[in-house]
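The values are calculated or read from the model by the stated rules, or taken from the named source; none is laboratory data. In this text the structure is predicted, and so the values were computed from the model without any measurement. Cβ placement follows ideal geometry from the backbone for every residue including glycine, while neighbour counts extend to all protein chains displayed. With ligands, DNA and RNA removed, areas are computed over all heavy atoms of the protein, side chains included. Shrake-Rupley method; radii C 1.70, N 1.55, O 1.52, S 1.80 Å.
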Amino acid sequence: MLDEATGSRIRPPGGPVNAFGRGMRDRREQLGWSQRDLAGRAFLNPGYVARLERGERNPSPEVAEVLDRVLGAGGGLAALVNVPRREPTPPVLSAADVEALRGQIGALVSEDIACGADGLWRRAGSTFRRAHEALAAGRFPDAHRADLHAAVGELGEVAGWLAYDAGRPEVGRRLMTDALLLSQLAGDSATEGLQLNLLALLAQESGRYAEALALADRGLALAPSGGRVEAMHRLRRGRALASLGSSEGLHELSRARALLDSGGRVGEPAWAWWVSPAELMLHQGGGLAALGEHREAVVWSGRAVEVLPLVQRRDRAVYLSRHASYLVGAGDWSGVVAAAGELRPLVGVAGSARVRAEVAGVVGVARRVGAPGRVVDALTAAA
């Protein structure tokens, strides 16, 4: 028998599966979910979910309630842990909560920059879900409806990004989609544009290129003409087109760089800061690599690494990982070893499972193309 969470072979447990674990497994299978699907929806570790189902662990009443709610068991599953089931009451939101939520958003962003997303995504997701449930229950003054929807939508966007950066892209996609709906209900087109852009990123990274293109087009339809916001949507559009095999993608990326060079617009949203010359150079390299132009891609990604500020450690790890990938495609083995040497001290401090997965992916590509052992060893050491 295989452990669904790890793929490794396990021995059957010594005793019978307890009632909770059996009921949890049966309900999950009725829904057609894997253990990893359930873990993502409940913000739990997949290995922990597997141990619950095998009866190797007993859930706390709080975990039992979460699993009961996620699985739609109507209280029957939580009752199997032999404790009275407490229906959580969503909080009542007020005008003061708008500022409190924005304060939490600022704190999460600051912690992410300092420490990475690995330790934050669950907390951010849980905070968002509680606020979202309060909105769904109508527990707020009608006069503050739009402001609360906008603040909770922005919180969901941050939670979605953190989940993606922590290596949980499907969780991030669900959070971001919920957040997008809230921003639409609030009439917050600026945040809606950012959420569409990040959803395009998630689609691009998971290989759903046509979906990424459609999301980028929708973002462009909302964006004011000229400036950084239009540039960020053209960046996504260019990457999607290049990944679909169209050289028009390079033209879109060039348009994005020209927009950034023009100096932007007055009154652009604060989050537009991340669209930088280095970011556009890196994506120019990604577009070229998607079209098979690996040597030219290396030139652009190398420039991006050079101009990126050294203090952006996680971003630098991402840039070096992409640069190493393009170097592998170009067969520049000395360049790969040098990039791996720069990358190695950054991976451990990035606080991002996404970064670690990216570097591991480069190792896999190097092995598949038959890179020399010293190259594979250098990348493995970095990973």
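Within the span defined as region 292-311, every residue fails to be in contact (Cβ under 8 Å) with a residue 40 or more places away in the chain, open to solvent by 30 Å² or more (accessible area, probe 1.4 Å) and closer than 21 Å to G361 by Cβ. Counting only residues that are surrounded by 15 or more Cβ atoms within 10 Å (Cβ to Cβ) and within 26 Å of L44 (Cβ to Cβ), region 134-146 holds 2 of them.
Restricting attention to region 112-140, the residues that are part of a helix (DSSP H, G or I) and in contact with a helix residue (DSSP H, G or I) (Cβ under 9 Å, 6 or more places away or on another chain) add up to 15. One residue stands out among those in region 252-279 that are assigned to a helix (DSSP H, G or I) and exposed (fewer than 14 other Cβ atoms within 10 Å of the Cβ): the one that is modelled with the highest pLDDT, which is A258.
Quick one: in region 147-190, which of the residues that are over 17 Å from D97 (Cβ atoms) and among the β-branched types (V, I, T) is surrounded by the most Cβ atoms within 10 Å (Cβ to Cβ)? My answer is V171. Of all residues in region 335-350, at least one satisfies being open to solvent by less than 20 Å² (accessible area, probe 1.4 Å), touching a residue at least 60 places away in the same chain (Cβ under 8 Å) and within 26 Å of W121 (Cβ to Cβ). Apart from one condition, Q30 fits all of (1) at pLDDT below 90; (2) in a helix (DSSP H, G or I); (3) open to solvent by 20 Å² or more (accessible area, probe 1.4 Å); the exception is (1).
The sole residue among G292, G267, G361 that is closer than 18 Å to A381 by Cα and out of contact with any helix residue (DSSP H, G or I) (no Cβ under 6 Å at 6 or more places or on another chain) is G361.
Test V363 against the stated conditions and say whether it is in contact with a Ser or Thr (Cβ under 8 Å, 6 or more places away or on another chain) and of a type in the set (V, I, T). In short, yes. Annotation: E65 fulfils all but one of (1) of a type outside the set (F, W, Y); (2) farther than 30 Å from V347 by Cα; (3) modelled with pLDDT of 90 or more; (4) buried (at least 19 other Cβ atoms within 10 Å of the Cβ); the unmet one is (3).
Looking only at residues of region 352-374 that are in contact (Cβ under 8 Å) with a residue 40 or more places away in the chain and part of a loop (DSSP other than H, G, I, E, B), we find that the one that is most open to solvent (accessible area, probe 1.4 Å) is V369. Can you find even one residue in region 344-351 that is touching a Ser or Thr at 6+ places or on another chain (Cβ under 7 Å) and of a type in the set (V, I, T)? No, region 344-351 has no match at all.
Condition check for R239 on (1) open to solvent by 20 Å² or more (accessible area, probe 1.4 Å); (2) under 30 Å from R145 (Cβ atoms); (3) part of a helix (DSSP H, G or I): one failure, at (2). Annotation note: of G47, G23, G55, G74, the sole residue that is assigned to a loop (DSSP other than H, G, I, E, B), at pLDDT 85 or above, open to solvent by less than 60 Å² (accessible area, probe 1.4 Å) and over 20 Å from R174 (Cβ atoms) is G55. Restricting attention to region 173-196, the residues that are within 13 Å of L155 (Cβ to Cβ) and among the small types (G, A, S) add up to 3.
Among the residues of region 325-358, how many are β-branched (V, I, T) and under 19 Å from W161 (Cα atoms)? The qualifying residues number 3.
For (1) of a type in the set (S, T, N, Q); (2) open to solvent by 70 Å² or more (accessible area, probe 1.4 Å); (3) more than 30 Å from V347 (Cα to Cα), each residue gets a yes or a no:
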{"position": "V81", "(1), (2), (3)": "no, no, yes"}
{"position": "S110", "(1), (2), (3)": "yes, yes, no"}
{"position": "A114", "(1), (2), (3)": "no, no, no"}
{"position": "R122", "(1), (2), (3)": "no, yes, no"}
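Of all residues in region 302-351, those that are part of a helix (DSSP H, G or I), of a type in the set (A, V, I, L, M), more than 24 Å from G287 (Cβ to Cβ) and more than 18 Å from the chain's Cα centre (by Cα) total 2.
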